[in-house]
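The values are calculated or read from the model by the stated rules, or taken from the named source; none is laboratory data. Since we're looking at a predicted model, the values are computed, not measured. We place every Cβ from the backbone using ideal geometry, glycine too, and count neighbours over all the protein chains shown.
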Amino acid sequence: MALTHLWSQVLHLFQLFIFLFQLPGVRGQTPEIIQTPETLSVSAGEEFTLNCILKGVGRPGGVRWYRGPDRNQPPIYTLKDSSPRVTRLVPESPIDFSITISNVRPEDAGTYYCVKYKKTSGTEVEETAGEGTVVSVIATPSHPLIQAPINRVEVGASVIFNCTSDQFSPRDITVTWLKDSRPIQPLRTTVRPEGESISYEVWSSVEVQLTKEDAKSQLICQIEHNTLRSPLKQSFSLGDVLRVPPNIQVEIDPPPPVHLNHTVTVTCNVENFYPNDVVVTWPENDKSETVTDESPVQHWDGTFSLKSSLVVKATEERNLSIFTCLVRHNSQPPVSKTATLIILNDSSEPTEDRLVHSVSYPFGLWIGLFLSKIITGFFLLFLFLRKERRK
């Protein structure tokens with residue numbers, strides 16, 4: 001800032017020198033505007049100075065600054081009015097109308113003209129103008145933003161993600177997509193507008209087919225631009241759009257049939273689901289039962305499993321009862337699995353007769369026993385007849 005102030009003072013002395021040597025004879029001549037520099041490049045957020053020195057000023061009239069050749073647009077500076085971001089370097093000078101524009105924005109890019117007006121019949125008309133200063137603004141891209149579907153999708157579905165960034169200049173920019181640090185090919189990348197502009201925006205899309213392992217995967221949109229020392233990155237958790245439905249198994253311990261009045265445990269295994277929002281209920285013969293829920297366990301791939309247990313007594317009225325494990329996951333329609341409780345009626349000890357009569361033989365065994373009795377009868381008859389003949 002000290003160097004800028006010193007340079008301003010030097011210019012001011014030079015301008016006074018020119019003003020003192022202007023002769024009265026030149027008052028009828030058209031003044032000359034010395035405008036510098038011809039081109040200027042500045043980064044967004046900084047400031048730049050536009051120099052305008054008048055030579056041969058004789059007629060009364062004001063000086064205005066315009067961005068662009070259109071004189072019908074509002075000027076960015078006049079002696080009476082200016083933008084808060086525009087300040088005059090030497091306000092008291094009659095020949096120095098240099099200005100500084102601070103907090104530069106991409107829309108500040110363009111060609112600036114210093115214009116001298118003269119008064120004629122009570123109105124001001126343009127008398128002369130500088131050659132113009134072409135200002136280009138180097139603007140850093142905004143932080144990338146990833147747009148994803150609102151609703152979750154199941155494993156195997158293909159999902160399209162978009163990444164956007166804007167307010168950058170120059171136009172050249174590179175967008176790279178990464179999935180867990182591995183590059184993936186985008187569907188398309190477009191920089192708009194196609195022609196010359198004060199700033200640009202980029203739009204890129206990529207398609208990802210989701211797997212169960214994507215519950216822990218990260219999708220990254222990376223932007224590189226010559227105004228950046230390092231790439232800008234935005235990450236998105238694929239688990240935020242993934243849904244893995246649960247696998248359900250129902251077990252009875254001990255396995256049926258079970259003895260009367262014994263205690264049994266009915267367990268519902270809700271396995272490999274994502275995300276971790278699941279509700280388990282046990283309708284038993286259209287009645288709700290109290291359950292014991294263990295804490296969900298997360299697996300290496302990011303999915304979860306949960307066990308829900310119901311402890312009951314094998315009473316006579318519960319014989320052939322159907323236990324249903326009803327699972328509601330992530331606001332989806334409920335799914336269920338069932339198990340049937342079979343109870344043995346063994347309250348009295350079986351007698352020997354009951355054991356004998358309860359024995360069942362195969363049909364072939366009965367035929368064998370019958371034939372053996374017939375053969376034995378014939379053999380005994382044969383011995384009897386032989387003995388009678390010897391008498």
Worksheet item: Which members of region 183-204 meet the condition of being exposed (fewer than 12 other Cβ atoms within 10 Å of the Cβ) and at pLDDT 95 or above?
Response: PRO183, GLN185, ARG188, THR190
Practice prompt. Filter region 65-105 for residues that are hydroxyl-bearing (Ser, Thr, Tyr) and either in a loop (DSSP other than H, G, I, E, B) or within 41 Å of the chain's Cα centre (by Cα) (or both) and give the result.
Written response: THR78, SER83, SER93, SER98, SER102
Worksheet, complete the sentence: PHE236 fails exactly one of (1) hydrophobic (A, V, I, L, M, F, W, C); (2) in contact with a Leu (Cβ under 9 Å, 6 or more places away or on another chain); (3) part of a loop (DSSP other than H, G, I, E, B), namely (3)
Practice prompt. Sort out which residues of region 62-91 are at pLDDT below 90, closer than 24 Å to GLY122 by Cα and surrounded by fewer than 16 Cβ atoms within 10 Å (Cβ to Cβ), and write them in order of number.
Written response: GLY62, LEU79, LYS80, ASP81
Discussion item. Looking at (1) of a type in the set (S, T, N, Q); (2) under 37 Å from the mean Cα position of the chain (by Cα); (3) at pLDDT below 95, which one does ASN261 not meet, given that it meets all the others?
Written reply: (2)
Worksheet item: With (1) of a type in the set (Val, Ile, Thr); (2) touching an Asp or Glu at 6+ places or on another chain (Cβ under 8 Å); (3) without any contact (Cβ under 8 Å) to a residue 40 or more places away in the chain as the list, and THR176 as the residue in question, which single condition is left unmet?
Response: (3)
Item to complete: Could you tell me which of the residues THR128, THR189, THR164, THR176 is in contact with a strand residue (DSSP E or B) (Cβ under 9 Å, 6 or more places away or on another chain) and in the same structural domain as TYR117 (by TED's automatic domain parsing)?
Response: THR128
Worksheet item: Scanning for something surrounded by 13 or more Cβ atoms within 10 Å (Cβ to Cβ) and free of Cβ contacts under 8 Å to residues at least 24 places away in the same chain, does region 238-248 turn up at least one residue?
Response: no
Worksheet item: Could you give every pair whose Cβ atoms fall below 9 Å, whose first residue belongs to region 100-114 and is in contact (Cβ under 8 Å) with a residue 12 or more places away in the chain and within 19 Å of THR78 (Cβ to Cβ), and whose second residue is of a type in the set (A, V, I, L, M) and assigned to a loop (DSSP other than H, G, I, E, B), counting only separations of at least 6 or pairs across chains?
Response: THR100/LEU89; ILE101/ILE76; ASP108/ALA44; ASP108/ILE198; GLY110/ILE198; TYR112/ILE76
Worksheet, complete the sentence: Across region 210-238, the tally of residues that are hydrophobic (A, V, I, L, M, F, W, C) and in contact with a helix residue (DSSP H, G or I) (Cβ under 6 Å, 6 or more places away or on another chain) stands at 3
Practice prompt. Test each condition in (1) of a type outside the set (A, V, I, L, M, F, W, C); (2) closer than 30 Å to ASP277 by Cβ; (3) out of contact with any strand residue (DSSP E or B) (no Cβ under 9 Å at 6 or more places or on another chain) for GLU196 and report the one that comes out false.
Written response: (2)
Discussion item. Against the condition surrounded by fewer than 20 Cβ atoms within 10 Å (Cβ to Cβ), at pLDDT 90 or above and β-branched (Val, Ile, Thr), how does VAL125 come out, does it pass?
Written reply: no
Worksheet item: In region 111-164, what count of residues is obtained for those that are of a type outside the set (D, E, K, R), over 29 Å from PHE273 (Cα atoms) and not in a strand (DSSP E or B)?
Response: 9
Worksheet, complete the sentence: For region 285-308, the count of residues that are outside any loop (DSSP other than H, G, I, E, B) and either at pLDDT 90 or above or outside the structural domain of GLU271 (by TED's automatic domain parsing) (or both) equals 7
